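S.K.: To start, I am sharing the structure in question, which I have written as structure tokens.
The values are calculated or read from the model by the stated rules, or taken from the named source; none is laboratory data. Just so you know, these numbers come straight off a predicted model, no measurement behind them. Cβ placement follows ideal geometry from the backbone for every residue including glycine, while neighbour counts extend to all protein chains displayed. For the accessible areas, the whole protein counts, side chains as well, though only heavy atoms, and no ligand, DNA or RNA atoms are used. Shrake-Rupley method; radii C 1.70, N 1.55, O 1.52, S 1.80 Å.
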Amino acid sequence: MKQLQTPAGQGSFCDSEHQRRRHQTRLLLLLFTSPACFLQSERPEHWLSQVLVSGRLCWTRMALSWCLWVAVALLSGPSTIHALAPENEVTLHPTTWLSENRVTPVHLPKGRARRLYFTLKKKADLLSVTVSPCAVPIEWSLAVRTLKDKPPKKAHWSSKKSMPEVWWRGSGREVRIYTYTGNAVDTYTGPAYAPASIYILRLKSNEQDTQVSAYLHEGPGPSGAFPELPSDPRVHTLGVGMTSVTLNWAPSSSVVVKDGHRPHHEYCVLVNHKHNYRSLCAAREGIRKEIQSVQKRQRRDKQSKEVVWGTLKDLWWQQPDALENRESSTTDKFEDPGCVCRDIESVCTVSDLLPDTQYYFDVFVVDRVNGTSAAYTGTFARTHEEARPAVTSLREGQVKWVTLNGDARNLQGDQFRFKPRGWQQNGLLTLHTCNSTSKVKVTVLSKGQTLTSQEVGHQLAQIWLHGAPSYLIQLQALASGSSLVIPKGDSSKSKFCLKMQASSAYHRRAVPVFPTTLQIKSFNKLRTCNSVTLAWMGTEERSLYCVYRRQIPLDSKHTSTDRCIDPESRPAKERVLCKYFQELNPRRAVTTAVVGELEPGMLYVFDVYLMRRWGLPIKYHSKTVRTRSEC
């Protein structure tokens, strides 16, 4: 085999096969023990050639190809290095140290453990480690690796070794002293081990990528980095109303006012509809996800920006400036997540809540200087439901006078309940407004379901009830010529009357038939000095018709009779006659009546009522007739 020439002064060629293999082994050891020098070099091939020349290695084709293969493996990245390492070997490049008295943020990828190392000072007899998870539960443990002999200052296997690697490769044993699984802020406090020890803090998240914060404190006493909670960290409910909830909690010893200056600790109260949070970081993460969810719905449904941000305000009860799309922070910096109360007082009243809704309340004591927080044990409460309007019972056949108030705040209006008699569960509801320009919205419900809803004007309305044991009737005043509720204002305009009757005596499966017209006709040729002949349309049902009269002055302007006046409420002397009438042919259903004993030349108002035992009387339109002066 042809040998390659070495540079001048660098020695002879390969003396033997044993020497060649020995130099190859030295090269591999140098590459694996000092990979940083090779990877960080601007010209790795130049660095490799220098190593080969200085080591007096044999430059055979086989040796050169083998060395280049090792170099390519190193250049291909950490995955190749991990593959070359044994399963129980832990790669210690780079090493993360946990500093004392400093909040260290750590990012935890899902399913991958992170290690933080630290050592204690010689005089430290106690230590405390605090780990603050964010939104998901994590696993963390604290272990100590104790050496039998103190490691030398300069390791014989390499001059460039990190301190954790020196302890790791040295003789000794590892002891796990504490473990925890959960999503609450947890602190381990214990004595220090031998001085020649290194502590290993392992962190792992099995659910998703998350952020945690770690803090190391040496010596006795509290660290002061995290706010202190009282012995009873529960949040209590003082009072619950329809739109407000009052909370209180035991004060924290960290919130202290000195020399009249505002302390750098304060309370932050959050409220939401879903659940309680174990940390302020988890609350921010929940708000961020909710904002992203609403933004996705905004893009999908193409809703307006105002509607979306209004929905967020209703969900989280935040200030508008707190609804910004913040990136997830790796530290616990105090950014206002929308505190409904932010003060140094241990009491808070949360207002502007929805009635009959369950809310979750969390209280955090926040250190604005160090950017840390501590969570109280949250609580929840359900606001009281709105005061339901009184429901009036309607008796069988009772004529009920109702005065409606057109208040825009009274969305349900007046409510009545009717229970029909008998096993058929049927009934007839009759309504008649007393104002010619007013309308009423009538809604009939049964077991929470709307059966019918319609508007009732100046005409008498009939609603057939069937198929339910009980009916809830809602009446709501409407403005004239619209379907809007009358605004609250003048009592003469916002109030009007109607009369209503419900009866189960009508057993047919449809509403009764009205006369084709409610006009009253007077025959001029049959009019005399003391009598008048009237005619009106009837129905195919046998019904009772009553005629009333009243005399008015000749110069009277108001000749019509109030259509809401019942026949029973009129004076007996005004009633002229009552008669039964029935005609099966609707076109021929005309009946007449002659009213006598009148005075010559006088003005009379005649009214006809269709009397029904299962509904309100139907009043025909008033008819004004003047008798003849001379006959």
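S.K.: Return the total of residues in region 618-631 being of a type in the set (Val, Ile, Thr), under 19 Å from Pro553 (Cα atoms) and buried (at least 18 other Cβ atoms within 10 Å of the Cβ).
M.R.: 2
S.K.: Among the strands (runs of 3 or more DSSP E) confined wholly to region 465-582, which include 2 or more residues that are among the basic types (Lys, Arg), closer than 22 Å to Arg612 by Cβ and modelled with pLDDT of 90 or more?
M.R.: On the way: elements: 471-478, 495-503, 532-537, 543-552, 575-581.
Because the criterion is at least 2 residues that are among the basic types (Lys, Arg), closer than 22 Å to Arg612 by Cβ and modelled with pLDDT of 90 or more, the strands (runs of 3 or more DSSP E) in region 465-582 that meet it are 575-581.
S.K.: With (1) in contact with a Ser or Thr (Cβ under 7 Å, 6 or more places away or on another chain); (2) of a type outside the set (Phe, Trp, Tyr); (3) crowded, with 17+ Cβ neighbours inside 10 Å; (4) in a strand (DSSP E or B) as the list, and Gly615 as the residue in question, which single condition is left unmet?
M.R.: (4) is the only condition that Gly615 fails.
S.K.: Among the strands (runs of 3 or more DSSP E) confined wholly to region 406-461, which include 1 or more residues that are more than 39 Å from the chain's Cα centre (by Cα) and modelled with pLDDT of 85 or more? Can you show your working first?
M.R.: On the way: elements: 414-418, 427-433, 439-446, 449-456.
The strands (runs of 3 or more DSSP E) meeting that bar are 427-433.
S.K.: Can you find a residue that is of a type in the set (Ser, Thr, Tyr), in a loop (DSSP other than H, G, I, E, B) and surrounded by 15 or more Cβ atoms within 10 Å (Cβ to Cβ) anywhere in region 601-612?
M.R.: no
S.K.: Moving on. Do we have any residue at all in region 281-290 that's in a loop (DSSP other than H, G, I, E, B) and either out of contact with any helix residue (DSSP H, G or I) (no Cβ under 9 Å at 6 or more places or on another chain) or at pLDDT below 85 (or both)?
M.R.: Restricting attention to region 281-290, the residues satisfying the condition of being in a loop (DSSP other than H, G, I, E, B) are none.
Within region 281-290, none of the residues are in a loop (DSSP other than H, G, I, E, B) and either out of contact with any helix residue (DSSP H, G or I) (no Cβ under 9 Å at 6 or more places or on another chain) or at pLDDT below 85 (or both).
S.K.: Find the residue count for region 241-257, including only residues that are modelled with pLDDT of 90 or more, part of a loop (DSSP other than H, G, I, E, B) and closer than 13 Å to Val363 by Cβ.
M.R.: First pass over region 241-257, keeping only residues modelled with pLDDT of 90 or more: 241-252.
Checking the rest, the ones that are also part of a loop (DSSP other than H, G, I, E, B) come to 241-244, 250-252.
From what's left, closer than 13 Å to Val363 by Cβ: 250-252.
Total satisfying the criteria: 3.
S.K.: Given the structure, is Leu584 touching a residue at least 40 places away in the same chain (Cβ under 8 Å), aliphatic (A, V, I, L, M) and closer than 23 Å to Lys499 by Cβ?
M.R.: When the stated conditions are applied, Leu584 does not pass them.
S.K.: Still on this structure: Scan (1) in contact with a Gly (Cβ under 8 Å, 6 or more places away or on another chain); (2) under 22 Å from Ala225 (Cβ atoms); (3) not hydrophobic (A, V, I, L, M, F, W, C) for the single condition Tyr360 breaks and write down its number.
M.R.: Failed condition: (2).
S.K.: Working only within region 202-224, note down all residues that are under 15 Å from Cys281 (Cβ atoms) and of a type in the set (Gly, Ala, Ser).
M.R.: Those that are under 15 Å from Cys281 (Cβ atoms) and of a type in the set (Gly, Ala, Ser): Ser205, Ser213, Ala214.
S.K.: Among the residues of region 583-598, count how many are assigned to a strand (DSSP E or B) and more than 18 Å from Ile552 (Cα to Cα).
M.R.: To start, the set of residues in region 583-598 that are assigned to a strand (DSSP E or B) comprises 590-595.
Imposing the further condition that a residue be more than 18 Å from Ile552 (Cα to Cα) reduces the set to 590-594.
Residues in region 583-598 being assigned to a strand (DSSP E or B) and more than 18 Å from Ile552 (Cα to Cα): 5 in total.
S.K.: Now a separate question. When you scan region 424-479, how many residues do you find that are without any contact (Cβ under 8 Å) to a residue 40 or more places away in the chain, among the small types (Gly, Ala, Ser) and surrounded by fewer than 18 Cβ atoms within 10 Å (Cβ to Cβ)?
M.R.: Residues that pass the stated criteria total 5.
S.K.: Mind listing just one residue for me: the one in region 275-295 that is open to solvent by 30 Å² or more (accessible area, probe 1.4 Å) and touching a strand residue (DSSP E or B) at 6+ places or on another chain (Cβ under 7 Å) and, of those, farthest from Ser213 (Cα to Cα)? Even if it seems obvious, please write down each step before you answer.
M.R.: Looking only at region 275-295, we keep the residues that are open to solvent by 30 Å² or more (accessible area, probe 1.4 Å), and these are 275-276, 278, 284, 288-289, 292-293, 295.
Filter again for touching a strand residue (DSSP E or B) at 6+ places or on another chain (Cβ under 7 Å), leaving 275-276, 278.
Values: His275: 23, Asn276: 20, Arg278: 14 Å.
Looking at the filtered set, the residue picked out is His275.
S.K.: Now, a different point. What is the number of the single condition among (1) loosely packed, with under 13 Cβ neighbours inside 10 Å; (2) touching a residue at least 60 places away in the same chain (Cβ under 8 Å); (3) more than 26 Å from the chain's Cα centre (by Cα) that Leu238 does not meet?
M.R.: Result: Leu238 fails condition (3) only.
S.K.: When you look at Phe334, is it within 24 Å of Val185 (Cα to Cα) and at pLDDT 90 or above, yes or no? Before you say what the answer is, go through the steps one by one.
M.R.: On the way: within 24 Å of Val185 (Cα to Cα): yes; at pLDDT 90 or above: no.
No.
S.K.: I'd like to check something: does region 539-552 contain any residue that is touching a Pro at 6+ places or on another chain (Cβ under 8 Å) and surrounded by fewer than 16 Cβ atoms within 10 Å (Cβ to Cβ)?
M.R.: Quick first cut of region 539-552, residues touching a Pro at 6+ places or on another chain (Cβ under 8 Å) only: 539-541, 546, 548.
Remaining after also requiring surrounded by fewer than 16 Cβ atoms within 10 Å (Cβ to Cβ): 540-541.
There is at least one residue in region 539-552 that is touching a Pro at 6+ places or on another chain (Cβ under 8 Å) and surrounded by fewer than 16 Cβ atoms within 10 Å (Cβ to Cβ).
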